[in-house]
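Report on the following structure.
The values are calculated or read from the model by the stated rules, or taken from the named source; none is laboratory data. Since we're looking at a predicted model, the values are computed, not measured. Using ideal geometry, Cβ is built from the backbone for each residue, glycine included, and neighbour counts are taken over all protein chains shown.
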Amino acid sequence: MAILPKRKFNPEDDLGFGTQAVIRSQRLVNRDGSINVKRKGLSIFNTSNNYHTLITMSWAKFWLLVLSGYLTANIIFAFIYVSLGPGTLNGAVGNTFFYRFMDAFFFSAQTISTVGYGHISPHGMAANSVAAFESMMGLLAFALATGLLYGRFSRPSAKIKYSEHLLVAPYRDNGKGLMFRLTNLRRNTLIDLQMEVIFSYNEDVDGKKIRRFLSLELERKRVSILTLSWTVVHSLDNDSPLKDITPEEMANGEASFAVLLKAFDDTFSQTVHSRTSYMYDEIVWGAKFKPTFDRDEEGRIVLNLDKIDDYELVDG
């Protein structure tokens, strides 16, 4: 596939993927910013990524993991208490296995959290030893969970909302531009934003598919402060490698666009990053974005975050 004229490619633009061709329309960078690479070869007992996984997983998975661990620990210790035999727990009134197990389960919950209401207490060396060990493990586990919770809240990150589509829209005098839109979902202030867009596609070279990468020139690569939304534009002029490209050529080359954003978070005083990507089938040809902001009765600007992707078709 020869989309572009012969040119010198910058190896620094390849995002670390080299010349490996993309097949089956796989993304290089996922929409959520993660890198689409499947890693193998790590032992199931390898713990080098545990902290990173716990810090970066979704909140739903995190709370599910915490709750599952809490219930599992209490169930295991409840079985231990029950297995020690009747009379192990003073104050337990259960007559059947189920009720004895429930007494042991709630005693375990009180012990592991060091609450200890006093209604049920361990009796004998074995039960007291298990309770002492459980209370120690509970203190360590809750300290670990608290540290992870703090780490998740305190970790600087950018929460950027990107438009769902790339648009080929009218731009300047009778021209066209390839554009997308973004905004900050948080109330913090992002300053000194720097944007880079990498276009990549498969090219046939001597019968072999090779992935090519090109850094696209943008109307603005830097913004001093992100107050409303930012429409990132690549002009499809005579200097653009995509000037005469067609949707069919995009599809044949399994073209994609990697979006790399770097900004300074004024709240945490740290640099944050955000990434996303667009595939060839997420381009809308002949459309333009609708306004994302309005004014209230007092004349104050109101930004509508849910309208970032709103667009309308245009002629030509």
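Here are some notes:
- Spans of strands (runs of 3 or more DSSP E) in region 210-316 with at least 1 residues modelled with pLDDT of 90 or more: 222-225, 229-235, 256-265, 270-279, 283-285, 287-289, 311-313
- Single residue of region 212-266 satisfying the filter (among the acidic types (D, E), touching a residue at least 40 places away in the same chain (Cβ under 8 Å) and surrounded by fewer than 16 Cβ atoms within 10 Å (Cβ to Cβ)) that is farthest from E282 (Cα to Cα): D266
- Every residue from region 289-311 that is among the aliphatic types (A, V, I, L, M) and more than 30 Å from the chain's Cα centre (by Cα): none
- Counting only residues that are within 19 Å of the chain's Cα centre (by Cα), of a type in the set (V, I, T) and loosely packed, with under 15 Cβ neighbours inside 10 Å, region 179-198 holds 0 of them.
- Selection of first residues in region 131-155 that are over 19 Å from T56 (Cα atoms) and of second residues that are of a type in the set (G, A, S), restricted to Cβ pairs under 7 Å at least 6 apart or on distinct chains, gives the following pairs, ordered by first then second residue: E134/S108; G138/S113.
- Scanning region 251-277 for residues that are within 17 Å of R155 (Cα to Cα) and small (G, A, S) yields a total of 3.
- Residue match in region 61-69 (condition: assigned to a helix (DSSP H, G or I) and modelled with pLDDT under 90): no
- Check on L140, under 30 Å from S68 (Cβ atoms), at pLDDT 90 or above and within 18 Å of the chain's Cα centre (by Cα): no
- Which listed residue is more than 45 Å from the chain's Cα centre (by Cα) and surrounded by 12 or more Cβ atoms within 10 Å (Cβ to Cβ), from A73, A109, A92: A92
- Criterion applied to R152, R100 was being in a helix (DSSP H, G or I), in contact with a Gly (Cβ under 6 Å, 6 or more places away or on another chain) and not acidic (D, E), and the one residue passing it is R100.
- Residues that are modelled with pLDDT under 90 and part of a helix (DSSP H, G or I) do not occur anywhere in region 175-194.
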